[in-house]
Structures are given as structure tokens and as C-alpha cells.
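One structure below.
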Amino acid sequence: MNSQLTGEIKQRLAAANKIVIVSHVRPDGDAIGSLLALGLALRDAGKSVQMVLADGVPSSFKYLEGSELVTKEPQGEHDTFITVDCADFKRTGKLFENFGQPDINIDHHKTNEKFGKLNLIEAEEVATAAILTNHLPEWGLTITKPVAAALLTGIITDTLGFRTSNTTPEALRQSAALMELGVDLPNIYMRALVTKTFSAAKYWGAGLSSLESKHGIVWGTLTAKDRKAANYSGNDDADLINMISAIDGNKVGMVFVQQNDEHVKISWRALEAGVDVSQVAKHFNGGGHAAAAGADIPGSLSEVQKEVLKKTREMLNL
């Protein structure tokens, strides 16, 4: 079945001329890496490609070759529409609500809703970039050094530098193969996971000072006021969840990020084997993996936080 599906995707890509590729709002390293890798490889194959992210490319990933080609909205006509690293279509953003059904949906989230005409969902892979690493050559596309750098970015960020419990020997072999194309893994690791801007560090400070722990859950809160005080330009958590995930003695780590439009973004991380946080995210119309998931919930920060903590405890028996 998978062989037939990948063959159909190869035919669809070969027939495509004007392609639009999108990923999710508040893009992470895998969303950006997958978008760039597929987009650059298709451009190298002579296709007209628009790479679109509703929120643009965060400053921490603008060093990647091709990032300057990413736009915030598509222009003109297209004959092929592709989504990467999106568990559900609404995560592409309101801009694409009436854009039509994607021709190809490539993702590794087990909660993927299979909203495309062709759905390549490989939940066993550590990142969508890992799926592309395997299939780009099969589709007749070349993995050049810039493409390899984008792919390696996706793999490194979604495994937190090979620290997540789903890290596999295959992921390490994929990374080694990409390094052999000339990609500097230590540099990507530092830029994607370690280096922080001054404003992001101040933003972290606000989040760390808000830390609470109860019933096996440790969580931090970032308000719109915190974001403004730190002069942080993003509307995410600046990867604070990764820091919280390193706190010992808990089963679940969480971050609540207040948005300006009366929404709250929540990230969950399972800090103990056997805990599946994706089921909680799914309850709130989010998605993800057993070890890492997220959701956007309408409402005030206090109301959302109270309800989400309560449901997290109930569903995970904490």
C-alpha cells in the first residue's frame, strides 16, 4: 500500500508545474525544514514553487538557505497544493480555509486527519523531514547540501537533539547520511536548539518565574504582557517547553502561551514512559504524538488553564 501511495505521489509531482507548499502556523524546525527541503528540491527539478508560512520564518531559522524565498501568502495560480507537517488542515491558518483540498499531505503525527487527496502519514518516523529524507530520491528529487541542511534541521529539532524517546537508529543513520553531504550538524544543533536571542532569554525568565508543580504536572505560563516586556516578536514559547521537559520528578510538562486574540496555545510533553499526551491534545482539537502534543484553545488564560489542567489530570490519571 505504501509503495503504491509513494508511486502515486511521484507521478503527481512529475506532472506538477506550479506548486504551493505550506506548513502550520507558528512553525517549528520540522515544519520549516520540511517545507524548505521539498520546495528547494522541486525548484531544482525545474518546478515553479511557492513556499508559504502564514507566520513567516522565525529569525532563528533564517540562516537556512532558501528561507528568504518563503512568503506569508501565495500569489497567482497553482496546479498542485502540498501540506507538510500538519496534523490537521486548519493548522495551515485562516488564509487557506477556502484554498481547496491539498493534493498531497505529508506528515508524521499519529493524530493526522488524512485531509489530503494523497496522504503519506508515517507516524513511526521521528519527523516529517525524516519521511522526506527517505522518499525524495525515490521521487527523482536530489538531496543537495541546502536540502540536506533543511532535512537535518527537522530531524534535530523534533528529536530535541536525539533526546526524545522515539529516537531510532534509523534517525541517526539518516542524520549521518545528511552530514556526509557536507552539512554541519554541530552548527545546526547550536542554532536550532541552544542559541537564544536576548529577548527570548528575557521571555524565558518570565516563564520560569511562573513555574508551578502539582499532581505530577509541571507547567509555566507566558502572558501577552510578558511577551511585550521582553520585546519578543514571536507568539510561541521560544522553546521554553524544552527547558521545562528537563525538570525532574514529574510525569507531564506544559506551557500555556496567551495569544492576543483570546486564544491560549498549550504544549504538552510526556516526561515518563507510557504517558500519552496526544489524547489530551486531541480532546481540545489539537494533535501530536504520545510524547509531545499541542493545541490552541479559545478563551481567557485563567479559564483555559483551569480546564486544561483538570482534563490533563483526569485523562492521564494523575
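The table that follows gives values for the structure above.
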| quantity | calculated |
| --- | --- |
| Long-range Cα-Cα pairs in the stretch 198-315 (distance over 26 Å), rounded percent | 12 |
| Listed residue (N112, F198, S34) projecting farthest to the positive dipole end of the chain, Cβ model | F198 |
| CD proxy at 222 nm, helix term only [per DSSP H run n ≥ 4: -39500 (n - 2.57); per residue of the chain; nearest 500] | -10500 deg cm²/dmol |
| Volume of the Cα convex hull of the chain, divided per residue and given in Å³ | 126 |
| Translational diffusion coefficient (Stokes-Einstein; Kirkwood radius from C-alpha pairs) of the stretch 210-266 at 4 °C, 1.567 mPa s, in µm²/s | 109 |
| For the chain, share of DSSP beta bridges that run antiparallel, in % to the nearest 5 | 45 |
| Alpha-carbon Debye profile of the stretch 58-179, log10 I(q)/I(0) at 0.15, 0.16, 0.20 Å⁻¹ | -0.78, -0.89, -1.33 |
| Cα-based Kirkwood hydrodynamic radius, the stretch 31-103, one decimal, Å | 12.9 |
| Only Lys, Arg (+1) and Asp, Glu (-1) charged, at Cβ; the stretch 198-315 dipole about Cα centre in debye | 160 |
| Tilt relative to the chain, helix 198-209 - C-alpha long axis, 0 to 90 degrees, to 10 | 40 |
| Of K72/K114; K282/K306; K94/K311; K62/K228; K282/K310, pairs whose Cα-Cα distance is over 20 Å | K72/K114; K94/K311; K62/K228 |
| Crossing angle, helix 301-315 versus the chain [Cα axis fit, 0-90 degrees, rounded to tens] | 80 |
| Amide H contacts of W268 (H built 1.01 Å from N, under 5 Å, at least 5 apart or other chain) | A293, G294 |
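The numbers here are math on the coordinates, done by the rules we state, and not lab data. Model, not experiment: these values are computed from the prediction. No Cβ is skipped: glycine too gets one built from the backbone with ideal geometry, and neighbour counts run over all protein chains shown.
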